[in-house]
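Engineer: Below is a structure I'd like to ask you about.
The values are calculated or read from the model by the stated rules, or taken from the named source; none is laboratory data. In this text, all values refer to a predicted model and were calculated from it rather than measured experimentally. Every residue, glycine among them, receives a Cβ derived from its backbone with ideal geometry; neighbour counts consider all protein chains shown. Ligands, DNA and RNA are excluded from the accessible area calculation, which covers all protein heavy atoms including side chains. Shrake-Rupley method; radii C 1.70, N 1.55, O 1.52, S 1.80 Å.
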Amino acid sequence: MIKRSDALHRYFLTLAYKGTRFLGWQKQKEGRTVQGTLEEALSTILRAEVSVTGAGRTDTGVHASSYVCHLDLPVEAESAGELIFRANRLLPRDLRLYDIREVVPEAHARFDALSRRYGYHVTSRPSPFAYETETEIPASGLDFDLMNEAAAALLGSHDFTTFSKGHTDVKTHLCTVTRAEWRREGASGWVFEYEANRFLRNMVRATVGTLFDVGRGKMTVPEFVRRFLARDRALASGSAPAEGLFLEEITYPSRLFLS
């Protein structure tokens, strides 16, 4: 039984979703979205309108193995686990809630995040069971050593205009990247681990798409660096497909959590 409270409590909710059949995170007037589906389920359980605020947008087809949103609920902390259980019974199988923790009233899922980590997954031996969650690359493969050499230029604080979607409402394109490298994943797969304090719209897919051209021998490492530092979106290659991209971790200051 969910124990109600006279006051609102703020919670951070951790969830995962397979983005293939969602039109991204953000609720829209029409179409299936993660935010809209989650709000509908929670509102049904609590018999009151529930609004959630996400840590950021993910585009159509992009997945999340660990996404965070915040919400205010008239629910006592000891009943939070029951809410998770009941919501998961109502939600579709491509969206699952994992954790709920009470936080300080001013905590914000987006603005208080210290870092975000994405993983872009590719394979040269696609599986019929995972074709919607990894991107197929040619059997001849890519030169991952060259791609890692190019990716090293991304580390540190830089202007990422080259790898950002145009005409967005951000005040700055400056991001601080702490990890940008390809590593082996199983016998035939690789994952690009990309971690930063913030990410711009389309930044991961534009970066990976341009690194693909380095790996295919269509672009040299010095050329990659030159284009990156030119701060010109027209110089990036096409975006990598959405299917291989996962938001995998978001970190927050420990001071936010009450439990």
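Engineer: Need the failing condition index for residue 38 against (1) touching a Phe, Trp or Tyr at 6+ places or on another chain (Cβ under 8 Å); (2) modelled with pLDDT of 95 or more; (3) within 26 Å of residue 245 (Cα to Cα), just the number.
Structural biologist: (1)
Engineer: Contact list please: Cβ distance under 8 Å, first residue in the range 117-138 and over 25 Å from residue 56 (Cα atoms) and in contact (Cβ under 8 Å) with a residue 60 or more places away in the chain, second residue among the acidic types (Asp, Glu) and open to solvent by less than 60 Å² (accessible area, probe 1.4 Å), pairs at least six apart or on different chains.
Structural biologist: Final answer for the pair search is 123/134.
Engineer: Spot the failing condition for residue 254; the list is (1) among the small types (Gly, Ala, Ser); (2) crowded, with 19+ Cβ neighbours inside 10 Å; (3) under 26 Å from residue 55 (Cα atoms), and only one is missed.
Structural biologist: Evaluating residue 254 over (1) among the small types (Gly, Ala, Ser); (2) crowded, with 19+ Cβ neighbours inside 10 Å; (3) under 26 Å from residue 55 (Cα atoms) leaves (2) as the failure.
Engineer: Turning to a different aspect of this structure: Search the range 148-171 for residues that are within 16 Å of residue 209 (Cβ to Cβ) and pair each with any residue that is of a type in the set (Gly, Ala, Ser) when their beta-carbon atoms are under 6 Å apart and the residues are at least 6 apart or on different chains.
Structural biologist: Partner pairs satisfying both residue conditions: 151/180; 154/180; 162/236; 163/206; 163/236.
Engineer: Give the range 219-234 a look and list any residue that's more than 12 Å from residue 160 (Cα to Cα) and either open to solvent by less than 70 Å² (accessible area, probe 1.4 Å) or in a helix (DSSP H, G or I) (or both), or say none. Walk me through how you get there before you give the answer.
Structural biologist: Quick first cut of the range 219-234, residues more than 12 Å from residue 160 (Cα to Cα) only: 219-224, 226, 234.
Passing the criteria: 219, 221, 222, 223, 224, 226, 234.
Engineer: To continue, here is another question. Could you list, in sequence order, the residues of the range 151-164 that are small (Gly, Ala, Ser), under 25 Å from residue 19 (Cβ atoms) and either touching a His at 6+ places or on another chain (Cβ under 7 Å) or open to solvent by 50 Å² or more (accessible area, probe 1.4 Å) (or both)?
Structural biologist: Quick first cut of the range 151-164, residues small (Gly, Ala, Ser) only: 151-153, 156-157, 164.
Going one step further and asking which of them are under 25 Å from residue 19 (Cβ atoms), we end up with 151, 164.
The one that is small (Gly, Ala, Ser), under 25 Å from residue 19 (Cβ atoms) and either touching a His at 6+ places or on another chain (Cβ under 7 Å) or open to solvent by 50 Å² or more (accessible area, probe 1.4 Å) (or both): 164.
Engineer: Please work out which residue is surrounded by the most Cβ atoms within 10 Å (Cβ to Cβ), limiting yourself to the range 1-35 and to residues that are farther than 21 Å from residue 106 by Cα, modelled with pLDDT of 95 or more and β-branched (Val, Ile, Thr).
Structural biologist: Filtering first and then ranking leaves 34.
Engineer: Would you point out the residue of the range 54-80, among those that are assigned to a strand (DSSP E or B) and over 30 Å from residue 134 (Cβ atoms), that is nearest to the chain's Cα centre (by Cα)? If you could, list the steps in order and put the result at the bottom.
Structural biologist: Step one: list which residues in the range 54-80 are assigned to a strand (DSSP E or B), which gives 54, 63-75.
Add one more test, that the residue is over 30 Å from residue 134 (Cβ atoms), and what stays is 70-75.
On the way: 70: 16, 71: 19, 72: 22, 73: 25, 74: 28, 75: 28 Å.
Once the filter is applied, the top-ranked residue is 70.
Engineer: Show the residue pairs meeting these rules: Cβ distance below 6 Å; 6+ apart or different chains; first residue within the range 31-43 and closer than 17 Å to residue 21 by Cα; second residue among the hydroxyl-bearing types (Ser, Thr, Tyr).
Structural biologist: Pairs found: 34/17.
Engineer: If a residue must be in contact with a Lys or Arg (Cβ under 9 Å, 6 or more places away or on another chain) and either more than 19 Å from residue 182 (Cβ to Cβ) or polar (S, T, N, Q) (or both), how many such residues does the range 124-147 contain?
Structural biologist: Within the range 124-147, residues that are in contact with a Lys or Arg (Cβ under 9 Å, 6 or more places away or on another chain) and either more than 19 Å from residue 182 (Cβ to Cβ) or polar (S, T, N, Q) (or both) number 2.
Engineer: Could you grab the pairs with beta carbons closer than 8 Å, sequence gap of 6+ or different chains, first residue in the range 232-259 and in contact (Cβ under 8 Å) with a residue 24 or more places away in the chain and on the phi < 0 side of the Ramachandran plot, second one open to solvent by 50 Å² or more (accessible area, probe 1.4 Å) and among the small types (Gly, Ala, Ser)?
Structural biologist: 246/65; 247/65; 248/65
Engineer: For the range 185-196, give me each residue that is open to solvent by 60 Å² or more (accessible area, probe 1.4 Å) and touching a strand residue (DSSP E or B) at 6+ places or on another chain (Cβ under 6 Å).
Structural biologist: Matches in the range 185-196: 185 only.
Engineer: Follow-up. Take the residues of the range 127-150 that are touching a helix residue (DSSP H, G or I) at 6+ places or on another chain (Cβ under 6 Å) and either assigned to a loop (DSSP other than H, G, I, E, B) or among the small types (Gly, Ala, Ser) (or both): which is most open to solvent (accessible area, probe 1.4 Å)? Show your work before the answer.
Structural biologist: First, the residues of the range 127-150 that are touching a helix residue (DSSP H, G or I) at 6+ places or on another chain (Cβ under 6 Å): 132, 134-135, 142-143, 146-147, 149-150.
Narrowing further to those that are either assigned to a loop (DSSP other than H, G, I, E, B) or among the small types (Gly, Ala, Ser) (or both): 132, 134, 142-143, 150.
Numbers: 132: 30, 134: 40, 142: 23, 143: 63, 150: 0 Å².
Among residues in the range 127-150 that are touching a helix residue (DSSP H, G or I) at 6+ places or on another chain (Cβ under 6 Å) and either assigned to a loop (DSSP other than H, G, I, E, B) or among the small types (Gly, Ala, Ser) (or both), the one most open to solvent (accessible area, probe 1.4 Å) is 143.
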